[in-house]
1. Under 27 Å Cα-Cα from K57, which lysines qualify once same-chain neighbours fewer than 8 residues away are excluded?
2. Mind computing the radius of gyration and Dmax over the alpha-carbon atoms of the range 86-141? Å is fine for both.
3. Report the GluC sites (Glu not before Pro) located in the range 38-141 that are in a DSSP loop and have at most 15 other Cβ atoms inside 10 Å of their Cβ, or state none.
Amino acid sequence: MTSSTATMDNNGSHDRGSGCCGFGGSANWSVTNIVAMVIGFVLFWPIGLFILYWILKGRNVMDMRSHLAEKWNRFKGNETTEASGTGNQVFNEYQQTQFDRIREIKDEIKERARRFTEFRFDAKRRADEEEFRHFMDDSPS
C-alpha cells in the first residue's frame, strides 16, 4: 500500500493539507460546484475558469453571488448597503458614522479643490492684467 498525504477528516471528506495547485485551501468538489463549473464552461469558458478557481480556493459556488455583489458595491462606492450589515446594531451604527465622516471629508476635499482652482484662475487673471498694464505703459502711443 502506498502512502498518501491526503487524510480523511471527521466529515468524511479528504483533507489535502496545503490545497490543490498551491491555492492554500482544500478544494470544494461538491456536486453543485461541479455542475456550476461545467455549465460555466459550456456557456462561456472564462466563467467556467473563474468557477474552477473559486472551487480550488475551497469556496462554495452558492456563496459566489453575495461575494460578487459585495465586491461590485465596494467598486461602485455603495459600501453602506443593507447586505453589508453585520447583524450587530451598535457596530452597524458605528460603521455608518465612519462612512458619513469619510463622506464629509471627501466633500471637504472637493470644496478645497474647487476653491484652489478658483484661486489659480484669479491669480492667472491678475498676472495677465499686470502683464497687459505693463505692456500698455511701455508701448508708445
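1. Leaving aside lysines fewer than 8 places away in the same chain, those within reach of K57 are K71, K76.
2. Rg then Dmax for the range 86-141, in Å: 24.1, 80.
3. Numbers: sites: E70, E79, E82, E93, E104, E108, E111, E118, E129, E130, E131; in loops: E79.
Within the range 38-141, the qualifying GluC sites (Glu not before Pro) (loop, at most 15 other Cβ atoms within 10 Å) are E79.
Readers should treat all values here as calculations from the given coordinates under stated rules, not as data from a laboratory. Remember, predicted model here, so these are calculated numbers, not experimental data. We place every Cβ from the backbone using ideal geometry, glycine too, and count neighbours over all the protein chains shown.
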